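Single-structure report; data block below.
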Amino acid sequence: MNDELVGMAYPYALDALDDGERRELDTDLATADEDTRSTFTDEVRRIREAFAVVSAVGAVEPPPRVRTRVLDEVRHSAAGPTSLTERRSRRRRWQIAVAAAAAVGVLAGGTVIVRQLTEGPSPSVAEQVLDASDVHSSTSAIAAGGSATANYSKSQDAVVFVLDGVAPPSADTVYQLWLMPASGDAPVPAGTISPGEMQPTTTVVLDDVGSMSKLAVTVEPPGGSPQPTSEPFAVLQLS
């Protein structure tokens, strides 16, 4: 396995590479062995999940030494590498700098981040939901094309929501998700999907579902609404 390529998962996951470096890395990965590609993909996923948790816990001001170190790396990188040796050295410095930034997040977010960055690959929330014995899937065709699917697991208390082949919302709107209580009370906002976040297949994981019975999707103004302002174009049963 190519350890140097796997080590580049850190700057790759955090978009710390310029376009040329990313193209070079993609080319190297395309010709690498299966173990290297698989390990690299797992590392990128774990790093992004870990930093997402850090962001959710709350940002903190990094120690001055970390800020100085990262800025030094940026200034050093501005001139660009002059040789293969220099390029490899630069890659290693990025790994160290990103690892230092991760350590700051660990202090803010707790030991769960330590485990995610140091232990072997662990199943993501989405994988745990989809592998759960009680997973329930509900799919709705979208009138304008594509489909919406909700994969719900009561034991995991989470939903994996998937939009497949659905066109993005218009530039001045977002798709907003709503969890609907079985009691018939007002829907609970569960996040938005902006045009720029849409992919051919867009996946969103929602946890802490509790006793919610349905997941609905509406078109709302940018930033979302406290309550739906349009009729849902998809309503999915969770149980």
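The values are calculated or read from the model by the stated rules, or taken from the named source; none is laboratory data. It should be emphasised that the depicted structure is a prediction, and the values quoted were computed from it without experimental measurement. Side chains included, ligands, DNA and RNA excluded: accessible areas come from the protein's heavy atoms. Shrake-Rupley method; radii C 1.70, N 1.55, O 1.52, S 1.80 Å.
Keeping every protein chain present and rolling a 1.4 Å probe, give me the accessible area per residue for the range 144-223 in Å².
Accessible area per residue, the range 144-223: 45 Å².
At 1.4 Å probe size, with no ligands or nucleic acids counted, give the accessible surface of THR31 in Å², nearest ten.
About 120 Å², ignoring ligands and nucleic acids.
Order VAL204, VAL160, most accessible first, counting only protein heavy atoms with a 1.4 angstrom probe.
In descending accessible area the options line up as VAL204, VAL160.
Relative to the present Cα-Cα distance, how much length would full extension add between GLN199 and SER155 at 0.36 nm per residue of separation?
So the chain would gain 13.0 nm between GLN199 and SER155.
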